[in-house]
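The values are calculated or read from the model by the stated rules, or taken from the named source; none is laboratory data. Bear in mind the structure is a predicted one, so any value in this text is a computation, not a measurement. Quick reminder, even Gly has a Cβ in these numbers, built from the backbone with ideal geometry, and neighbours come from all protein chains shown.
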(Lines give C-alpha, C1' and ligand atoms only; values in the text may rest on other atoms or scores of the structure.)
Protein backbone atom coordinates (compact mmCIF):
# COMPACT_ATOMS: atom_id res chain seq x y z
CA UNK A 1 0.00 0.00 0.00
CA UNK A 2 1.25 3.42 -0.96
CA UNK A 3 1.95 5.76 1.97
CA UNK A 4 0.63 8.74 -0.02
CA UNK A 5 -2.97 7.49 0.30
CA UNK A 6 -2.98 6.99 4.08
CA UNK A 7 -2.16 9.69 6.61
CA UNK A 8 -1.03 7.14 9.22
CA UNK A 9 1.02 5.04 6.79
CA UNK A 10 4.53 6.46 6.63
CA UNK A 11 6.19 3.41 5.12
CA UNK A 12 5.12 1.05 2.32
CA UNK A 13 3.02 -1.83 3.65
CA UNK A 14 3.27 -5.19 1.88
CA UNK A 15 0.78 -7.92 2.73
CA UNK A 16 1.09 -11.34 1.10
CA UNK A 17 -1.88 -13.70 0.95
CA UNK A 18 -2.07 -17.40 0.19
CA UNK A 19 -5.37 -19.25 -0.01
CA UNK A 20 -7.20 -16.15 1.23
CA UNK A 21 -5.10 -15.73 4.38
CA UNK A 22 -2.35 -13.31 5.38
CA UNK A 23 1.03 -15.08 5.38
CA UNK A 24 3.37 -12.10 5.73
CA UNK A 25 3.11 -8.43 6.63
CA UNK A 26 6.19 -6.35 5.83
CA UNK A 27 6.93 -2.81 6.97
CA UNK A 28 3.99 -0.41 7.22
CA UNK A 29 5.03 1.45 10.36
CA UNK A 30 2.33 1.63 13.04
CA UNK A 31 -0.32 0.15 10.75
CA UNK A 32 1.93 -2.81 9.94
CA UNK A 33 2.63 -3.37 13.64
CA UNK A 34 -1.09 -3.24 14.41
CA UNK A 35 -1.91 -5.74 11.64
CA UNK A 36 0.87 -8.12 12.69
CA UNK A 37 -0.52 -8.08 16.25
CA UNK A 38 -4.16 -8.53 15.14
CA UNK A 39 -3.37 -11.25 12.59
CA UNK A 40 -2.00 -13.51 15.32
CA UNK A 41 -5.66 -14.58 15.56
CA UNK A 42 -6.24 -16.47 12.29
CA UNK A 43 -9.80 -15.21 11.74
CA UNK A 44 -8.49 -11.61 11.69
CA UNK A 45 -6.06 -12.39 8.86
CA UNK A 46 -8.54 -13.59 6.27
CA UNK A 47 -9.57 -11.71 3.15
CA UNK A 48 -13.05 -10.27 3.68
CA UNK A 49 -13.32 -8.42 0.36
CA UNK A 50 -11.40 -8.01 -2.88
CA UNK A 51 -12.62 -5.48 -5.42
CA UNK A 52 -11.27 -3.96 -8.62
CA UNK A 53 -11.82 -0.24 -9.19
CA UNK A 54 -13.40 0.40 -12.59
CA UNK A 55 -15.03 3.82 -12.19
CA UNK A 56 -13.18 6.46 -14.22
CA UNK A 57 -15.26 9.22 -12.54
CA UNK A 58 -14.23 8.27 -8.99
CA UNK A 59 -11.34 10.53 -7.91
CA UNK A 60 -11.24 11.02 -4.10
CA UNK A 61 -8.67 8.86 -2.29
CA UNK A 62 -9.67 10.51 1.00
CA UNK A 63 -13.19 8.97 0.93
CA UNK A 64 -12.80 5.19 1.25
CA UNK A 65 -16.15 4.33 -0.36
CA UNK A 66 -15.16 6.33 -3.44
CA UNK A 67 -11.45 5.48 -3.34
CA UNK A 68 -12.13 1.74 -3.61
CA UNK A 69 -13.86 2.36 -6.95
CA UNK A 70 -11.15 4.51 -8.63
CA UNK A 71 -10.07 3.13 -12.00
CA UNK A 72 -6.69 1.40 -11.72
CA UNK A 73 -7.02 0.47 -8.04
CA UNK A 74 -8.02 -2.54 -6.02
CA UNK A 75 -9.32 -2.68 -2.52
CA UNK A 76 -8.75 -5.45 -0.04
CA UNK A 77 -10.43 -5.82 3.32
CA UNK A 78 -8.98 -8.05 5.99
CA UNK A 79 -10.98 -9.60 8.82
CA UNK A 80 -14.72 -9.69 9.37
CA UNK A 81 -16.96 -10.50 6.41
CA UNK A 82 -20.04 -11.60 8.39
CA UNK A 83 -21.35 -8.04 8.50
CA UNK A 84 -21.37 -7.95 4.67
CA UNK A 85 -22.87 -11.40 4.11
CA UNK A 86 -19.74 -13.55 4.40
CA UNK A 87 -18.84 -16.33 6.80
CA UNK A 88 -15.79 -15.02 8.67
CA UNK A 89 -16.43 -13.45 12.05
CA UNK A 90 -13.47 -11.42 13.29
CA UNK A 91 -12.74 -8.53 15.62
CA UNK A 92 -11.41 -6.31 12.82
CA UNK A 93 -12.43 -5.23 9.34
CA UNK A 94 -9.76 -3.10 7.70
CA UNK A 95 -10.08 -1.76 4.15
CA UNK A 96 -7.05 -0.89 2.06
CA UNK A 97 -6.98 0.72 -1.37
CA UNK A 98 -3.95 0.03 -3.53
CA UNK A 99 -3.15 2.36 -6.41
CA UNK A 100 -1.64 0.85 -9.58
CA UNK A 101 -1.41 -2.69 -8.16
CA UNK A 102 -0.02 -5.87 -9.60
CA UNK A 103 -2.51 -8.69 -9.04
CA UNK A 104 -1.63 -12.31 -9.71
CA UNK A 105 -3.96 -15.17 -8.87
CA UNK A 106 -3.03 -18.79 -9.56
CA UNK A 107 -0.04 -17.66 -11.66
CA UNK A 108 -2.31 -15.54 -13.88
CA UNK A 109 -1.74 -11.78 -13.99
CA UNK A 110 -5.06 -9.96 -13.70
CA UNK A 111 -3.63 -6.46 -13.29
CA UNK A 112 -0.22 -4.96 -13.99
CA UNK A 113 0.54 -1.44 -12.73
CA UNK A 114 -3.24 -0.91 -12.32
CA UNK A 115 -4.16 -1.96 -15.86
CA UNK A 116 -6.52 -4.91 -16.37
CA UNK A 117 -5.01 -7.79 -18.31
CA UNK A 118 -8.11 -9.66 -19.43
CA UNK A 119 -7.77 -12.17 -22.24
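Within the stretch 55-70, the set of residues being out of contact with any strand residue (DSSP E or B) (no Cβ under 6 Å at 6 or more places or on another chain) and in contact (Cβ under 8 Å) with a residue 24 or more places away in the chain comprises 61, 70.
Between 47, 98, which is in a strand (DSSP E or B) and crowded, with 20+ Cβ neighbours inside 10 Å?
On the way: 47 fails: crowded, with 20+ Cβ neighbours inside 10 Å.
After ruling out the rest, the residue left standing is 98.
Among the listed residues 30, 60, 36, identify the single one that is closer than 21 Å to residue 12 by Cα and assigned to a loop (DSSP other than H, G, I, E, B).
Details: 30 fails: assigned to a loop (DSSP other than H, G, I, E, B); 36 fails: assigned to a loop (DSSP other than H, G, I, E, B).
That would be 60, the only listed residue that is closer than 21 Å to residue 12 by Cα and assigned to a loop (DSSP other than H, G, I, E, B).
Taking the condition of being out of contact with any helix residue (DSSP H, G or I) (no Cβ under 8 Å at 6 or more places or on another chain) and over 27 Å from residue 91 (Cβ atoms), how many residues in the stretch 56-67 meet it? Spell out the reasoning first.
As a first pass, look at the stretch 56-67 and keep what is out of contact with any helix residue (DSSP H, G or I) (no Cβ under 8 Å at 6 or more places or on another chain): 56-57, 62-66.
Right, trim to over 27 Å from residue 91 (Cβ atoms) and you get 56-57.
Counting residues in the stretch 56-67 that are out of contact with any helix residue (DSSP H, G or I) (no Cβ under 8 Å at 6 or more places or on another chain) and over 27 Å from residue 91 (Cβ atoms) gives 2.
Inspect the stretch 61-70 for any residue being surrounded by fewer than 19 Cβ atoms within 10 Å (Cβ to Cβ), within 26 Å of residue 41 (Cβ to Cβ) and at pLDDT below 95 and give the result as yes or no. Yes, there is a match, as at least one residue in the stretch 61-70 is surrounded by fewer than 19 Cβ atoms within 10 Å (Cβ to Cβ), within 26 Å of residue 41 (Cβ to Cβ) and at pLDDT below 95.
Cβ-Cβ contacts under 7 Å between residues 6 or more apart (or on different chains), taken from a first residue in the stretch 20-38 that is on the phi > 0 side of the Ramachandran plot and touching a residue at least 24 places away in the same chain (Cβ under 8 Å) to a second residue that is assigned to a strand (DSSP E or B) and surrounded by 14 or more Cβ atoms within 10 Å (Cβ to Cβ), are listed as 20/46; 20/47; 28/13. Within the option set 14, 24, being under 26 Å from residue 107 (Cα atoms), touching a strand residue (DSSP E or B) at 6+ places or on another chain (Cβ under 7 Å) and modelled with pLDDT under 90 holds for one residue only, 14.
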